[in-house]
Amino acid sequence: MVDRPEYTEIEHTADVGMALRAPDIRSAFERAAAAAFDMMCDLDSVAADASFEVRVGGRPDDLEHLMVRWLSELLYLYDSEGILLSEFDVLELQFGVQGDGEDPAAGSFLTARAGGERFDARRHQMKLELKAPTYHQLAVERAGDGWSVRVIFDT
């Protein structure tokens, strides 16, 4: 399991968010995913028994859009198949290339492996439901010698 990321939970009107720092851009995406799932369910209770490959595309030079696509795809796994995730490994991350943003081979993209398991009510106590990441106050940016991420989720 990936170590539980350090993040700050952000209270926002009817929604919830998170802010975190990471040493590099790949770990920023990994930590954002881990923080999102930790806000939903204690990561320590989620085994990484199954592996899922995730590939998403984004607009060129738009890390925020890529972050929303990434987190949306992971939340879709939970919503559609009941999969809780606890491990995230970004295998490839490319941004700043030209393309239409919908074809992962043409624009910015991220390929990752996520580990998790199906929700089991006997072992997993859900804290809250995250519906989707939003663009409100969204930030993925360089911060000193690392990166900072801020995401607000619809709940």
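The values are calculated or read from the model by the stated rules, or taken from the named source; none is laboratory data. Remember, it's a predicted structure, so these values are computed and weren't measured experimentally. Here Cβ is always computed from backbone atoms with ideal geometry, including for glycine, and neighbour counts include all displayed protein chains.
Just to be sure, is Glu81 surrounded by fewer than 24 Cβ atoms within 10 Å (Cβ to Cβ), within 12 Å of the chain's Cα centre (by Cα), of a type in the set (D, E, K, R) and within 27 Å of Asp120 (Cα to Cα)?
Against the criterion (surrounded by fewer than 24 Cβ atoms within 10 Å (Cβ to Cβ), within 12 Å of the chain's Cα centre (by Cα), of a type in the set (D, E, K, R) and within 27 Å of Asp120 (Cα to Cα)), Glu81 does not qualify.
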**Prompt:** In the stretch 103-115, which residue that is modelled with pLDDT of 95 or more and crowded, with 17+ Cβ neighbours inside 10 Å is farthest from Ala35 (Cα to Cα)?
**Reply:** Leu110
**Asked** If the Cβ limit is 8 Å and pairs must be 6+ apart or interchain, which residue in the stretch 23-46 that is without any contact (Cβ under 8 Å) to a residue 12 or more places away in the chain and buried (at least 21 other Cβ atoms within 10 Å of the Cβ) pairs with which residue that is assigned to a helix (DSSP H, G or I) and of a type in the set (A, V, I, L, M, F, W, C)?
**Response** none
**Item:** Top-ranked residue in the stretch 47-77 [being surrounded by fewer than 20 Cβ atoms within 10 Å (Cβ to Cβ) and more than 12 Å from Ala114 (Cα to Cα); ranked as nearest to the chain's Cα centre (by Cα)]
**Value:** Ser72
**Fill in**
Note on Asp100: of the conditions (1) part of a strand (DSSP E or B); (2) at pLDDT below 95, unmet is (1)
**Complete:** Reported set for the stretch 116-135 where residues are outside any strand (DSSP E or B), farther than 14 Å from Ala32 by Cβ and touching a residue at least 40 places away in the same chain (Cβ under 8 Å) is Phe119, Arg123, His124, Gln125, Lys127, Leu128, Glu129, Lys131, Tyr135
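Quick grid of which residues meet (1) over 18 Å from Arg55 (Cβ atoms); (2) modelled with pLDDT under 95:
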site	(1), (2)
Leu84	yes, no
Glu87	no, no
Glu92	no, no
Glu117	yes, no
Glu129	yes, yes
Asp154	yes, yes
